[in-house]
Amino acid sequence: GQGARHGDRGRGAYQLEQTLTLRMYLKKHPEALPRLRRLQEEGLFEVLGGGEAIIDVNMCMFETMARNWASGTRYCIDVLGQRPFLASHCDGFGSSAQFPQVIRGCGFRGVENLSYAKPDNDYWRGLDGSTVYFRKAWPGQWHFYDHCYHEPCRVCDGHGIETGCSECGNTGFDMQQNFFPPYEALKDENFQDGLSLFAVTSEEMLPPEYIQDLISKWGKEHPEIQYIWGTQRHLAPLLEADLKLVDAPPSERLSSTVENNPAQTGCMVTLIKSKLGARRSEALFYGAKPQLRPQVSVPDSAGATSSSGTSCFPSCASIIFTMPSPVLIRKLRVANFATGERISNRP
């Protein structure tokens, strides 16, 4: 919301890493959609191709990965009117050998922002032969800050966003924690072929209010450098030649790796309770799915009826990852796909 308001006043270009953030925001503020679409048309707002959420693709099943990216991509097409330019996986663990197949299936020719496990060349060919262009980091300065995860405002206890609070500026957060270290202007070593990218990112911190004034100051001090606000789509012309080669890349530019896991020691196993819960839910969902087929009576030409199973789930392009109802799960006996253990009457 703050990014959109800044964009209205010409104070920057903003990108979202996952669709779920926008989906929840527009659910609460549907009136913001026309403004966001206008900012997108002006090149000041864009949703990256990160799917519904940034998930650990080294730990989930293929269908979860496919549903995640298909749902997020379809939402951008339906709601914002355009597909994200490149697939993205910002700060997500794992680099599944099936990822290129999912990326191409969702209409992307390339992927960027692979944070840990990366292909070792320009083109990554997956398990089924699908190939994507891997965009390495752009030259420049990329600032990532998470020295604070916001606590509720000590005056309004987090309710200021709804009731109003002068202490926190109606954010609901303890804004004294929201500070950034000093920035430095781009230097000669930040440029490559005349191009440099200056970006500020964070998981929870709000954009610095003074960034526009700082950029204007740098522009006056260094008139030989032209600062232009824009999203990744502004750089599309620079990638078109590489993207055109994606179906038949030169062999010397093809990555030697297919499965890039593990991203780091022990990443195939987790002790984080939320991730353990996600894996258990995933096993329950896919174990229960074959049994969730309502019986439909179909009359034949003689008027008799017969029963046939009909899937109650639409294609992965139009559904978010959901679970069957807890009541239904209690009545099923489902095998845990990850460990093979029998789960019985588990809520």
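Values quoted throughout were computed directly from the atomic coordinates according to the rules given, and no laboratory measurement underlies them. Because the structure is predicted, anything quoted here is derived from the model rather than measured. We place every Cβ from the backbone using ideal geometry, glycine too, and count neighbours over all the protein chains shown.
Quote to one decimal, in nm, the extra length available between Ala137 and Leu238 on full extension: 0.36 nm per residue of separation minus the C-alpha distance between them.
Numbers: separation 101, 0.36 × 101 = 36.36 nm, distance 1.35 nm.
That works out to 35.0 nm of additional length.
Starting from the Cα-Cα distance between Ser281 and Glu42, subtract it from 0.36 nm times their residue separation and give me the gain in nm to one decimal. Could the numbers behind the result be given before it?
Values: separation 239, 0.36 × 239 = 86.04 nm, distance 4.09 nm.
Result for the pair: 81.9 nm of gain on full extension.
Between Asp128 and Thr257, what length comes free when the chain is fully extended (0.36 nm per residue of separation minus the Cα-Cα distance, one decimal in nm)? Intermediate values should be presented prior to the final figure.
Details: separation 129, 0.36 × 129 = 46.44 nm, distance 1.34 nm.
That pair, Asp128 and Thr257, stretches by 45.1 nm at full extension.
Report, in cubic angstrom per residue, the convex hull volume of the C-alpha atoms of the stretch 1-122. Intermediate results must be reported in sequence, preceding the final value.
Values: hull volume 13.3 nm³, N = 122.
Measuring per residue, one finds 109 Å³ for the Cα hull of the stretch 1-122.
Could you put Val79, Val132, Val155, Val246 in order, starting from the residue whose Cβ has the fewest other Cβ atoms within 10 Å?
Working: Val79 16, Val132 26, Val155 13, Val246 19.
Fewest to most other Cβ atoms nearby, the residues stand as Val155, Val79, Val246, Val132.
Size of the stretch 123-183 along its principal axes in angstrom, Cα-based, largest extent first?
56, 31, 15
With θ set to phi - 60°, apply the Karplus curve 6.51 cos²θ - 1.76 cosθ + 1.60 along the stretch 13-25 and write out the HN-Hα couplings as whole Hz, x wherever there is a Gly or Pro.
Values per residue, Gly and Pro as x: 10, 10, 10, 10, 7, 9, 6, 4, 4, 5, 4, 6, 5 Hz.
Working only with C-alpha atoms, what are the Rg and Dmax values of the stretch 174-226, expressed in angstrom?
13.2, 42
Pop out the ³J(HN,Hα) list for the stretch 276-288 in order, Karplus 6.51 cos²θ - 1.76 cosθ + 1.60 with θ = phi - 60°, rounded to Hz; leave Gly and Pro as x.
With the stated coefficients, the stretch 276-288 comes to 4, x, 5, 5, 5, 4, 4, 4, 5, 4, 6, x, 7 Hz.
Amide H to amide H, which residues 5 or more places from Val200 or on other chains are under 5 Å from it, using H placed in the peptide plane?
Correct list: His143.
For the stretch 70-220, I need the span (max minus min coordinate) of the C-alpha atoms along each principal axis, in Å, sorted largest to smallest.
56, 41, 29
Say the dipole of the stretch 54-191 comes from +1 at the beta carbon of Lys and Arg and -1 at that of Asp and Glu; which of His143, Ala87, Gly126 then lies farthest toward its positive end?
Gly126
Listing Lys289, Lys136 from the residue with the fewest other Cβ atoms within 10 Å to the one with the most, what is the order?
Details: Lys289 15, Lys136 11.
The most exposed by this proxy come first: Lys136, Lys289.
Cβ under 11 Å from Ala70's Cβ, Ala70 left aside: what net charge do those residues give with Lys, Arg +1 and Asp, Glu -1? Present the calculation step by step, with values, prior to reporting the outcome.
Values: positive: Arg67, Arg74; negative: Glu52, Glu63.
The answer is 0.
Mind giving me the nanometre distance, one decimal, between the label points for Ile77 and His29, set 7 Å out from Cα along Cα→Cβ?
Roughly 2.8 nm, to one decimal.
If you take the square roots of the eigenvalues of the alpha-carbon gyration tensor of the stretch 138-287 and sort them as a ≥ b ≥ c, do you get rounded (a/c under 1.5), prolate (a/b over b/c) or oblate?
Details: a/c = 2.45, a/b = 1.06, b/c = 2.32.
Taking the square roots of the gyration eigenvalues as a ≥ b ≥ c, the stretch 138-287 is oblate.
Testing the spin-label approximation: label points 7 Å from Cα along Cα→Cβ at Lys289 and Gln192. State their distance in nm.
A separation of 3.9 nm, rounded to one decimal place.
What list do you get for Ile54, Ile77, Ile103 if you sort them by fewest beta carbons within 10 Å?
On the way: Ile54 21, Ile77 13, Ile103 28.
The most exposed by this proxy come first: Ile77, Ile54, Ile103.
Can you work out ³J(HN,Hα) from phi for every residue in the stretch 150-160, in order, using Karplus 6.51 cos²θ - 1.76 cosθ + 1.60 and θ = phi - 60°, giving whole Hz and x for Gly and Pro?
Along the stretch 150-160, the couplings run 4, 9, x, 4, 6, 9, 9, 6, x, 8, x Hz.
Given H placed 1.01 Å from N in the peptide plane, which residues other than close sequence neighbours of Val47 have an amide H under 5 Å from its amide H?
Here the answer is Leu16, since their amide H atoms fall under 5 Å of that of Val47.
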